[in-house]
Amino acid sequence: MQLRSQILLSVLGITVLAQVVFGLLVYRELTESRGAQLTIFLQYLNKEVAERLTLPGDQYVSEIYLEELRNRFSTPQSVLLIQKEQQILYSAGDIKKLDLSLISQQLKVAYTGKRKHGIIYLDNNEYYWAISELPNKNYQLIMLEPAANEEIQITKTLKQRMLTTGVVILWLAVWISLLLSSKISKQLSEKNKQLKHIALHDSLTGLPNRTLLNDRLKQLFLQSQRDNLLFALFLIDLDRFKEINDTLGHQFGDELLKMVSARLMGSIREKDSISRLGGDEFAVLLPQTDLEGSKLCAERILNAMGEPFRINNIATESKASIGIAIFPEHGDNVETLMQHADIAMYQAKKSQSGFAIYDPTQNKHSVRRLTLMADLRVAIENKKIQVAYQPLINRDRKTINSTEVLARWQHQELGNILPDEFIPMAEQMGLIRMLTLQVLEQAVDDCKKWHQQGYVFGVNINLSTYCLQDFSLLEEINAILEGAELKAEKIEFEITETALMHDLGRAGKILNQLSDAGLRLAIDDFGTGFSSLNYLKNLPIDTLKIDKSFILDMHNSHSDHAIIKTIIELGHNLNCQVVAEGVEDQKTIDSLDLLGVDVLQGFFYSKPLNPGDFQEWLLKGFARTKTSI
Ligand code: C2E
Ligand code: CA
Ligand code: CA
């Protein structure tokens, strides 16, 4: 049954029931009240009558006495009777029209002992009756009184009025219930709509969620299959989102996601649809789109995302990586297509190319990548990342300048995983902060031990781009240094040129913060960033590390030699110490010596060593060289 008819029926039912009950109560009240009055009156007479009847006398005398009482206490139309064992003995009042035996019979039925008054029908008229037992005599005193016209009239009018008001109330009830039911059903359908919307949309951005995407994907799949059409699926992941969220706060992250959604919406056609799959992952469905169309749309999205996002006066960049899979070429079912778009997305991320179209040859790669990503999280959370140390040797070639700390991950099944593979993963997964602090903690502990043994050199820690967004990093670094009672000047952070260029404004602020706290700063892989040198004069840099690609090739390449020479001069002019990394042979050392390099790092002196081996190396080669920076 529909809600409307249910409400209508129940309101009608309640109204009718209430009317009937109310009518009955009023009717009963009216009819009973006179009978009740008679009963009270009879009880009053009862004692006197009983006394009188105990006196000897004949019927005539008794009836005169009864008549006298009737005249004195009752209405002229009333009748008083005395009955014994259903035999009327005495009567007073006008009983001519009445059949006395009929009265006895009717009263026998009506009088139950409990019920002492009521209404009976005699001679086509209604009579109120009341009975009172006379004490000790087995007699009953009965009073009858014809129901007055007035009361009958009242009852009739009441019936009529009740009927009219009943009809009016019923009519109103019908309308009210109709209005009520239509309002309730409207509200319910509105609520249902809202619930459906909530179930199928993302609450932050209002975009369709994964469930709705799956539905639409299935529909589009069937339609494209039937009509022999192509369609494209994009999976989009924001670069650095987790890091931004962690460092600038969730509210900032939320705002960013909203802005990203708006930009995505602005970059697609009307028939395309965008969904948020959770976190910083989005999907776009592009019906009737081929490879060329997909590329155009991906470029449009990347352009839109290229502009910095300005939130609360902070400008931040969050570029996107887009993975593209096209139906039917890259998958003839929904799951495969999703999976392949995902693989393409990781490919785009890895190559930093903005977007990538699914390439079946990457598939194997991706399985390894996904496994590593899951295991890396566990490894970092369980502090399973280890460190290796590689010394940096002073120009005198006898003393140690410092030692670089390099992260090492020994995977249980896959063996040694290179930092070039797992560091970008940790960056992407937002784990680099944790990893950096763990590496720092281990290095600071070991550095403290070396100091106790008399080797007072410091450590060089690699700092990722992502850490240069994090204003709270300094607090954690200070806490670690304080814990080990190590001076800030014993730590040098290495930052790559490309990392700096990512967001120079913000990175500059953090570098100043670190430098003000007494920590040293080095530009790593110098010469590969192709960036303006202007930034150098404004940053508190202590060291330039010439990228090893120049050093390794300096004897074969004239230009590499020239670059090294220039960097060394530049560094010295800026009052920076210059380090050459990738030093593998004596010849290189001699050439670098001639060019005036300050510090040397490379396999010629030592490969990166685990802490135990490094300790041995120290004792063997440089044990006698106790030096400070
Ligand atoms: P990097 O900072 O440029 O580190 C120096 C890399 O050059 C190390 O590779 C080291 O083993 C290698 N190397 C040193 N001497 C020579 C040499 O004479 N010849 C050659 N061919 N190579 C030499 P590794 O350990 O594989 O690290 C690779 C990169 O991973 C590092 O490059 C650094 O960017 C990154 N990385 C390592 N550990 C960390 C870390 O804890 N945090 C961050 N953010 N990055 C790290
Ligand atoms: Ca380095
Ligand atoms: Ca380097």
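The values are calculated or read from the model by the stated rules, or taken from the named source; none is laboratory data. On a predicted model such as this, the values are computed, not experimentally measured, just so you know. Cβ placement follows ideal geometry from the backbone for every residue including glycine, while neighbour counts extend to all protein chains displayed. Surface areas here come from the heavy atoms of the whole protein model, side chains and all, with no ligands, DNA or RNA. Shrake-Rupley method; radii C 1.70, N 1.55, O 1.52, S 1.80 Å.
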**Item:** C-alpha long axis of helix 250-266 to longest principal axis of the chain, angle in °
**Value:** 90
**Fill in**
Output row, site Lys183, 7 Å Cα→C-beta label point, backbone N cut-off 16 Å, window region 5-48, residues 7-8, 11
**Request:** Step through the residues of region 80-88 one at a time and calculate ³J(HN,Hα) from phi using the Karplus curve (6.51 cos²θ - 1.76 cosθ + 1.60, θ = phi - 60°), rounding each to whole Hz and writing x for Gly and Pro.
**Result:** 10, 10, 10, 10, 9, 6, 6, 10, 6
**Rounded percent of accessible protein surface that carbon and sulfur make up, region 210-358, 1.4 Å probe** = 47
**Item:** Average accessible area per residue (Å²) across the chain - probe 1.4 Å, nucleic acids and ligands excluded
**Value:** 52
**Asked** Within the accessible area of region 374-621, what % is carbon and sulfur when the probe is 1.4 Å and the other protein chains stay in place?
**Response** 49
**Prompt:** What is the helix-to-structure angle for 586-595, meaning the angle in degrees between its Cα long axis and the longest Cα principal axis of the chain, kept from 0 to 90 and rounded to the nearest 10?
**Reply:** 90
**Request:** Only bridges with both residues in the chain count here: give the DSSP antiparallel percent, nearest 5.
**Result:** 70
**Asked** Which whole-Hz couplings ³J(HN,Hα) result when phi for each residue of region 36-43 is put into the Karplus expression 6.51 cos²θ - 1.76 cosθ + 1.60, θ = phi - 60°, listed in order with x for Gly and Pro?
**Response** 5, 4, 4, 4, 4, 4, 4, 4
**Estimated vicinal HN-Hα couplings, Hz - region 508-521 in sequence order (Karplus 6.51, -1.76, 1.60; Gly, Pro = x)** = x, 4, 5, 5, 4, 4, 5, 5, 4, 7, x, 7, 8, 10
**Item:** Low-density loop cleavage sites - GluC sites (Glu not before Pro) in region 444-497, where at most 16 other Cβ are within 10 Å (DSSP)
**Value:** Glu485
**Request:** Sketch the reach of a paramagnetic label on Leu9 as a point 7 Å from Cα along Cα-to-Cβ, and name the residues of region 178-194 whose backbone nitrogen lies under 16 Å away.
**Result:** 178, 181
**Message:** Taking every pair of distinct Cα atoms and averaging 1/r, then inverting, what Kirkwood hydrodynamic radius in Å comes out for region 210-358?
**Reply:** 15.4
**Message:** For a quick check of your reading of the filter: which GluC sites (Glu not before Pro) in region 198-273 sit in a DSSP loop and have no more than 13 other Cβ atoms within 10 Å?
**Reply:** Glu270
**Request:** Quick one: plug the Kirkwood hydrodynamic radius of the chain (C-alpha pairs) into Stokes-Einstein at 4 °C, 1.567 mPa s, and report D in µm²/s.
**Result:** 38
**Request:** Report the full-extension gain for the segment Asn228 to Thr75: residue separation times 0.36 nm, less the Cα-Cα distance, to one decimal in nm.
**Result:** 44.7 nm
**Helix 611-621 vs. the chain, principal-axis angle (Cα, 0 to 90°, nearest 10)** = 20
**Request:** Figure the gain on full extension for Met265 and Glu569 (residue separation times 0.36 nm, minus the Cα-Cα span) and round it to one decimal in nm.
**Result:** 104.3 nm
**Asked** Counting pairs of alpha carbon atoms under 8 Å apart in space and at least six apart in sequence, what relative contact order in percent does region 374-621 give?
**Response** 19
**Message:** Please compute the modelled spin-label separation between Ala36 and Gln586, points set 7 Å along Cα→Cβ, answer in nm with one decimal.
**Reply:** 13.1
**Item:** Cα Rg, Dmax (largest Cα-Cα span) when computed across region 374-621, Å
**Value:** 17.6, 50
**Prompt:** What residues qualify as long-range amide H neighbours of Gln577, i.e. H under 5 Å apart, gap of 5 or more or another chain, H built at 1.01 Å from N?
**Reply:** Thr543, Leu544
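From the helices alone, meaning DSSP H stretches of at least four residues, give me the mean residue ellipticity at 222 nm for the chain, per-run term -39500 (n - 2.57), in deg cm²/dmol to the nearest 500.
On the way: 20 runs with 336 residues, N = 629.
Only helices count here, giving -18000 deg cm²/dmol.
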**Item:** Shape parameters for region 3-154, alpha-carbon atoms, Rg then Dmax in Å
**Value:** 19.8, 78
**Item:** Extension gain from Leu158 to Glu299, taking 0.36 nm per residue of separation minus the Cα-Cα distance
**Value:** 42.2 nm
**Prompt:** Taking the highest mean first, how do the peptides 544-551, 171-178 order by number of other beta carbon atoms within 10 angstrom per residue?
**Reply:** 544-551, 171-178
